[in-house]
1. Residue check: is residue 89 farther than 16 Å from residue 18 by Cα, modelled with pLDDT of 90 or more, touching a strand residue (DSSP E or B) at 6+ places or on another chain (Cβ under 7 Å) and of a type in the set (A, V, I, L, M)?
2. Looking at the range 30-43 only, could you name the residues that are over 14 Å from the mean Cα position of the chain (by Cα) and part of a helix (DSSP H, G or I)?
3. Checking the conditions here, which among 23, 9 is assigned to a helix (DSSP H, G or I) and in contact with a Phe, Trp or Tyr (Cβ under 6 Å, 6 or more places away or on another chain)?
4. Can you tell me which residues in the range 228-242 are assigned to a helix (DSSP H, G or I) and surrounded by fewer than 20 Cβ atoms within 10 Å (Cβ to Cβ)?
5. Can you list residue pairs whose Cβ atoms sit under 9 Å apart, with the first residue in the range 264-286 being free of Cβ contacts under 8 Å to residues at least 60 places away in the same chain and the second being among the basic types (Lys, Arg)? Count only pairs 6 or more apart in sequence or on different chains.
6. If I filter the range 251-287 down to residues being of a type in the set (A, V, I, L, M, F, W, C) and modelled with pLDDT under 90, which single residue comes out as surrounded by the fewest Cβ atoms within 10 Å (Cβ to Cβ)?
7. Within the bounds of the range 300-311, is there any residue that is of a type outside the set (Gly, Ala, Ser), assigned to a helix (DSSP H, G or I) and farther than 17 Å from residue 217 by Cα?
8. Does residue 118 satisfy being closer than 25 Å to residue 315 by Cβ, modelled with pLDDT under 90 and surrounded by 24 or more Cβ atoms within 10 Å (Cβ to Cβ)?
Amino acid sequence: MNGARQLAASVPIRTASGGVQVAIPILAVEVMGDVGLGAMLVALALLPSIVAAPAVGAILDSVKTPRVPMIASAVATGAIFAIAGGLGILPTWLIAVLLALSGLLSPFGFGGLSSFVGHSGRDAHRAYALDSLSYNISGVAGPALVAVLAPTVGSRVAMFVMAAIVLVSAVTYPLMPMASRKSATNVGLLKSMAGGVVAIMTQRKLTTNAWSGALAELGRGMMPIAAVGIAIAATGDAAMSAVIVAGFAVGALVGALVETARSSPKYPERAMLVGFGLSGISMILAAIDFGFVWTIVFVALSGAFNAPAAAAMLLMRRKDSPPEVVGQVFTLGAAMRTAASAIGTAIAGMLAGLDPLWVLALGGLVWVVGASLMFFYPRAPK
């Protein structure tokens with residue numbers, strides 16, 4: 001029952017966010033004829049989370065009723081997505097500012113929500129496997145909905161649908177247990193913020209975990225923009241890029257479903273290393289020009305390997321976090337991944353003149369580098 005509540009609370013807002021990352025570039029191409037603008041807008045929707053994460057974590061660690069700011073952030077995000085659907089009608093600068101504001105709110109529905117997961121089930125591994133499943137269901141549902149809506153009713157309508165989906169989380173948040181951590185902090189907001197940053201940047205286990213996950217996400221962030229170029233070259237239709245992105249998400253969904261049925265890995269750091277490494281290698285294989293279908297197949301394989309690595313990353317993050325800064329570690333860790341994804345998206349946008357398969361391969365290579373950081377994770381004493 002707790003697992004169902006966890007998914008009901010987390011899937012809608014993450015689905016909408018994943019869909020917007022695909023819908024915005026397609027909308028930018030349709031109404032402005034500019035892939036680079038789409039990449040910039042997606043980056044603006046992602047990058048600010050790294051700035052807001054310490055404050056969001058400190059708020060969630062210190063308020064008596066954490067679901068109140070969670071609900072408020074979901075309502076505001078839904079409103080922003082609806083207005084952003086006016087790209088090409090409203091001034092571009094206004095859309096850019098609003099998407100940046102949504103980036104400031106995103107840590108609530110991602111790392112902030114994940115920080116409460118450990119209390120929503122008896123088994124921590126299953127809880128975080130379900131959280132990984134939530135991300136992957138969302139990753140499938142968001143791009144898949146856009147893939148259906150964009151060619152039929154248009155990407156502008158797809159943006160409005162994503163806005164409505166966000167509001168579902170505002171309704172379902174009360175279903176998920178969100179225990180107050182106020183008694184564990186009992187320090188000022190600024191000290192709490194500083195404590196989380198210090199923990200994730202100086203404690204070797206958390207630092208290795210965070211940077212490995214961030215680099216892997218930087219590589220993944222290059223994929224949606226590369227997918228636009230690949231889709232145009234292969235089919236002449238930018239909207240078909242959603243099929244590539246959905247392929248990754250479907251693979252990740254299958255991997256996450258398998259992970260929820262498995263027992264907790266004895267060495268989660270190895271699961272991160274191997275999973276992220278194979279994800280990057282699969283993405284490099286997807287960049288070899290075997291044809292559009294094979295690109296989708298290898299991208300899906302990359303997603304399947306990514307799922308257990310992501311679940312292990314979340315489990316380790318909870319295990320290694322000092323109890324007084326759990327929210328901080330999760331929001332900052334998630335924000336690092338979101339910001340890295342934004343940087344990857346921006347880099348892919350700047351490389352839009354190159355062969356998109358080369359851009360996809362570069363993303364896979366960065367992914368492998370991120371995986372290799374887990375070699376530096378401290379080994380347990382024998």
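1. no
2. Listed by number, the residues that qualify are 30, 31, 32, 35, 36, 37, 38, 39, 40, 41.
3. Only one candidate passes the filter, namely 9.
4. Hits for the range 228-242 are 232, 233, 234, 235.
5. Once the first residue is free of Cβ contacts under 8 Å to residues at least 60 places away in the same chain and sits in the range 264-286, its partners that are among the basic types (Lys, Arg) give 268/319.
6. By that ranking, first place goes to 261.
7. Among the residues of the range 300-311, not one is of a type outside the set (Gly, Ala, Ser), assigned to a helix (DSSP H, G or I) and farther than 17 Å from residue 217 by Cα, which makes the answer no.
8. no
The values are calculated or read from the model by the stated rules, or taken from the named source; none is laboratory data. Predicted model only: the values in this text are computed from it and were never measured. Positions of Cβ are generated from backbone atoms using ideal geometry, with glycine treated the same way; all protein chains shown enter the neighbour counts.
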